[in-house]
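Engineer: I have a structure I would like to understand better, so I am pasting it below and will then ask my questions one at a time.
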Amino acid sequence: MFLGYNYPIMLKNLAIVAMLILLKVQPLQPQTPAQSRNHAANAQAHQNPEPQSSAINNVDNRQTCEECNKKDPIAAQDPDKWVRRGFYINGFLTLVTLIIAGATLLQASAAKRQTAHVVASERAWIMAELSIPPMRPGMFEGTDENDIPRTTFAVELHCTNDGRSPAWVKEKSARMIIVKHEEIPPIPELTEEDIIDKGYDPVGPGKDAIPFTWDATGTGKHSTRTATIIYGVVRYADIFRENRETWFCYQLVGDAAHRKLTRIYCGPDYSKQT
């Protein structure tokens, strides 16, 4: 984590150092007063040319210009050379800018990963478990007004905070289904009718919430040829103001005298935590 966070900063520093070194290579030399006077004399000579009457004067003028160019190396240099040098410098500065931008993105990504790691280590984690209340072990099997068989028994929901900060449980939802094993839906389906409790119950780190008991009812008759499944979700908030979810899935197993709820795997959506 340390290397991933500081490596982009090293790239940025190296790019800045390379840019400074390039700017120091072959800098422009400041003009001396004599060179400035030569430039001024040349400019004035070009603006106000004196008429020449002989070839001797033309030769003298060419010699004078050659002497001025020797004294003024900047005027004698090829101007295209400076254009090319400026093009190379601009291209290099563009490359340095891209390197700095890439290093900044890497640094931001590393900071985001580190923040997510801190949140995951300090946030609340609510665990949900189901059981049959010892004082209400019975099961009721009957029919509804349409003579469809229904099964009802008491279920107790336990919520435990295994995180390092408080949580506030806001909603509990659960549904019981009695189906064949191959008919278990791949994705849990819950509606507002499946909400069994709503509130804002605080749960401290390492603490258990007050158990919640309700009567779970499903259409069908519990038997060895069917699977009695209870699945649901606990929704809560943490200190980072994030809404979290803990899903669960249990199956009723055992005979009438030794019934119990066992956690089973019905698919990734039945056991996810956010």
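Engineer: Going through Val179, Val234, Val203 one at a time, which residue ends up being in contact with a Cys (Cβ under 8 Å, 6 or more places away or on another chain) and over 15 Å from Leu130 (Cβ atoms)? Spell out how you get there, then give the answer.
Structural biologist: On the way: Val179 fails: in contact with a Cys (Cβ under 8 Å, 6 or more places away or on another chain); Val234 fails: over 15 Å from Leu130 (Cβ atoms).
One residue alone meets the criteria, Val203.
Engineer: What single numbered condition from (1) modelled with pLDDT of 95 or more; (2) not assigned by TED's automatic domain parsing to the domain that holds Ala209 fails to hold for Ala167?
Structural biologist: Going through (1) modelled with pLDDT of 95 or more; (2) not assigned by TED's automatic domain parsing to the domain that holds Ala209 one by one, Ala167 breaks only (2).
Engineer: Is it true that Phe212 is closer than 14 Å to His158 by Cα and in the same structural domain as Arg150 (by TED's automatic domain parsing)? Before you say what the answer is, go through the steps one by one.
Structural biologist: Values: closer than 14 Å to His158 by Cα: yes; in the same structural domain as Arg150 (by TED's automatic domain parsing): yes.
In short, yes.
Engineer: Considering the stretch 127-138 alone, what residues qualify as being out of contact with any Lys or Arg (no Cβ under 7 Å at 6 or more places or on another chain) and either crowded, with 16+ Cβ neighbours inside 10 Å or small (Gly, Ala, Ser) (or both)?
Structural biologist: Those that are out of contact with any Lys or Arg (no Cβ under 7 Å at 6 or more places or on another chain) and either crowded, with 16+ Cβ neighbours inside 10 Å or small (Gly, Ala, Ser) (or both): Ala128, Leu130, Ser131, Gly138.
Engineer: When you scan the stretch 250-274, how many residues do you find that are under 16 Å from Thr226 (Cα atoms) and not in a loop (DSSP other than H, G, I, E, B)?
Structural biologist: Within the stretch 250-274, the first condition is being under 16 Å from Thr226 (Cα atoms), and the residues that meet it are 250-256, 259-262, 264, 266.
Next cut, not in a loop (DSSP other than H, G, I, E, B) only: 250-253, 260-262.
Within the stretch 250-274, residues that are under 16 Å from Thr226 (Cα atoms) and not in a loop (DSSP other than H, G, I, E, B) number 7.
Engineer: Further question: Checking Lys207 against (1) basic (Lys, Arg); (2) crowded, with 18+ Cβ neighbours inside 10 Å; (3) free of Cβ contacts under 8 Å to residues at least 60 places away in the same chain, only one condition comes out false. Which one?
Structural biologist: (2)
Engineer: The conditions are (1) under 17 Å from Ile177 (Cα atoms); (2) within 25 Å of the chain's Cα centre (by Cα); (3) buried (at least 21 other Cβ atoms within 10 Å of the Cβ), and Ile229 fails exactly one of them. Which is it?
Structural biologist: (2)
Engineer: Out of the stretch 67-99, which residues are at pLDDT below 65 and of a type in the set (S, T, N, Q)?
Structural biologist: Of the residues in the stretch 67-99, the ones at pLDDT below 65 are 67-78.
Listed by number, the residues that qualify are Asn69, Gln77.
The values are calculated or read from the model by the stated rules, or taken from the named source; none is laboratory data. Please read all numbers here as calculations on a predicted model, not as lab measurements. With ideal geometry, Cβ positions are generated from the backbone for all residues, glycine too; neighbour counts draw on all protein chains shown.
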